[in-house]
Amino acid sequence: MTIARLATVMMLALAVGCSSPPSPPRQEAATRDVNAEAMAAVAQADWPRAAELLREALGRDPAVATLHYHLAVAATHLDRRDEAIREFQWVLANVARELPEAVEARRWLTEAGVLAEPRETAAAPADRITEETVGDSGIQGQVLWADGQPTARVQIFLKGAPRSPNETLQWVMRTDESGRFQFTRIPAGTYMLTNKVAGQPTWRLRVRLAPGEITTLDLSEANSASVRDDFPGV
């Protein structure tokens, strides 16, 4: 083979190599599961790392009660009293009071002197409405959010309206997998239907229940607090 012919072959080879398709890009690393990392640190009692990861996780999803509760626990181990108070108070305001997280939050806050010790009081007058008073009214509905899709496991409060005879009453439940909720055996009166009793709620609607009446009220973007707030300033 002549030198000229050899040079031509080499140039063709280089041209083919340069025109070959680029290598596929490497896949990006999987997204970190900060929640899982935080809970692993809690399980290991690595409180400084747990607190750091829990704060990071809450920065991404500030409505997760489990994260607030464990951050409060971590803060107690790190002697961060103000942070523990703030997080336990969030738990009390957003978690059903019979759940273990709320029970522990109430115990810690009471022992820390933030909440008053429960005191025995005289029996309520027979005509006073209490949570144990059985009524024959109720309210039911469904939580429908983006595109009318049901939202499961949303915590809903039915609370006596301020300055009403039943303002001390409160019931709480979570929606089922279809986003449905139902409060039954409620005394007649005026109530607030909301998803939060502290902080900025998504809904805050006035509901008037007549004796024996079962009211249906769906919760959606159309009647959210940004559109309709029946209790401004509360």
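Which of the residues belonging to the range 198-234 are charged (D, E, K, R) and part of a loop (DSSP other than H, G, I, E, B)? Please lay out each step first, then the result.
Quick first cut of the range 198-234, residues charged (D, E, K, R) only: 204, 206, 208, 213, 218, 221, 228-230.
Matches in the range 198-234: Glu213, Asp218, Arg228, Asp229, Asp230.
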Legend entry - Any chance Ala72 is assigned by TED's automatic domain parsing to the domain that holds Arg106 and within 15 Å of the chain's Cα centre (by Cα): no
Inset, instruction - Kindly list the number of the only condition in (1) assigned by TED's automatic domain parsing to the domain that holds Pro150; (2) out of contact with any helix residue (DSSP H, G or I) (no Cβ under 6 Å at 6 or more places or on another chain); (3) aliphatic (A, V, I, L, M) that fails for Ala198. - result: (2)
Legend entry - Residue among Val234, Val227, Val154, Val197 that is closer than 20 Å to Leu92 by Cβ and out of contact with any strand residue (DSSP E or B) (no Cβ under 6 Å at 6 or more places or on another chain): Val234
Legend entry - Residues of the range 72-118 satisfying the condition of being modelled with pLDDT of 85 or more, in a helix (DSSP H, G or I) and among the small types (Gly, Ala, Ser): Ala72, Ala74, Ala75, Ala84, Ala105
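The values are calculated or read from the model by the stated rules, or taken from the named source; none is laboratory data. Bear in mind the structure is a predicted one, so any value in this text is a computation, not a measurement. Because the Cβ atoms are built from the backbone with ideal geometry, glycine has one as well, and the counts that use them run over all protein chains shown.
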